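Below is one structure, written out as structure tokens; the observations come after it.
The values are calculated or read from the model by the stated rules, or taken from the named source; none is laboratory data. The structure displayed is predicted, hence computed values, not measured ones. Neighbour counts run over all protein chains shown; Cβ positions are idealised from the backbone, glycine included. These area figures cover heavy atoms from the full protein model, side chains too; ligands, DNA and RNA do not enter into them. Shrake-Rupley method; radii C 1.70, N 1.55, O 1.52, S 1.80 Å.
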Amino acid sequence: VSRMDHCPWMNNCVGVGNMKHFILFLVYTWSCSVFSLLLLGWNYFMCSDEECAFNVFLTQLVRLVTILSLGALLFTSSMIMNVTFGLMTGIGTIDRLKKKANDTIADAVEEPIPLKDVFGIGAYWTFLFPIDPVFDNYDQVMGYSTPQRLLREEMKGDPMKMNSPSGISKDPDMLNI
């Protein structure tokens with residue numbers, strides 16, 4: 001997996017292909033946590049009528065949701081900072097931990113990862129939508145090319161002169177030989 005990292009929360013690899021979706025997941029979760037805390041705080045501090053008296057069950061439920069929201073906010077904040085640090089330094093979490101254990105973190109030569117290599121070259125307003133990014137140079141961003149992709153790219157140029165995957169030419173002049 002190119003630029004592989006690992007998220008213990010999702011128990012999944014995060015790499016070049018799904019980094020945008022992972023960042024959006026963190027931002028969406030962080031936003032929902034902030035919204036729930038604001039909503040709970042608004043109801044708690046702005047409720048001064050007698051009609052706002054909460055029963056014991058509702059009070060305990062609000063406390064539980066507040067603790068869960070606060071925990072989610074703190075955890076996602078730390079994950080967002082971790083991902084941001086990884087993008088700014090160009091070193092993923094796993095690589096950073098390995099370099100720290102080997103005491104080679106000072107020898108790191110990685111460059112920061114441009115946002116266009118995470119969110120693609122689309123308009124800025126598309127950054128917040130969970131759609132796959134379109135990269136300017138797919139092979140460079142991914143770090144590799146597949147034979148199928150190379151063949152498709154070559155076929156775009158001149159489909160009549162390219163060999164098919166089976167090795168048979170599609171050029172009509174070559175078929176008559």
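So that you can scan it fast, the table gives a plain yes or no per residue for (1) at pLDDT 90 or above; (2) assigned to a loop (DSSP other than H, G, I, E, B); (3) under 22 Å from the mean Cα position of the chain (by Cα):
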| residue | (1), (2), (3) |
| --- | --- |
| Tyr28 | yes, no, yes |
| Trp42 | no, no, no |
| Phe57 | no, no, no |
| Thr66 | yes, no, no |
| Gly71 | yes, no, yes |
| Leu74 | yes, no, yes |
| Asp95 | no, no, yes |
| Lys99 | no, no, no |
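Within the range 55-72, residues that are farther than 11 Å from Leu40 by Cβ have Cβ atoms under 9 Å from residues that are open to solvent by 50 Å² or more (accessible area, probe 1.4 Å) and of a type in the set (A, V, I, L, M, F, W, C) in these pairs: Ala72/Trp30; Ala72/Cys32, counting only partners at least 6 apart in sequence or on another chain.
Which one is most open to solvent (accessible area, probe 1.4 Å), of the residues in the range 16-31 that are without any contact (Cβ under 8 Å) to a residue 24 or more places away in the chain and more than 13 Å from Pro133 (Cα to Cα)? Outline the logic, then answer.
Our first condition is that a residue be without any contact (Cβ under 8 Å) to a residue 24 or more places away in the chain; within the range 16-31, this holds for 18, 25, 28, 31.
In the following step, the residues that additionally are more than 13 Å from Pro133 (Cα to Cα) were identified as 25, 28, 31.
Values: Phe25: 72, Tyr28: 91, Ser31: 55 Å².
Restricting to residues being without any contact (Cβ under 8 Å) to a residue 24 or more places away in the chain and more than 13 Å from Pro133 (Cα to Cα), the top hit is Tyr28.
When the range 105-128 is examined, which residues are found to be of a type in the set (Phe, Trp, Tyr) and open to solvent by 100 Å² or more (accessible area, probe 1.4 Å)? If the condition is that a residue be of a type in the set (Phe, Trp, Tyr) and open to solvent by 100 Å² or more (accessible area, probe 1.4 Å), then Tyr124, Trp125 are the ones that fit.
Of the set (1) open to solvent by less than 50 Å² (accessible area, probe 1.4 Å); (2) under 18 Å from Gly17 (Cβ atoms); (3) modelled with pLDDT under 75, all apply to Ser164 but (2).
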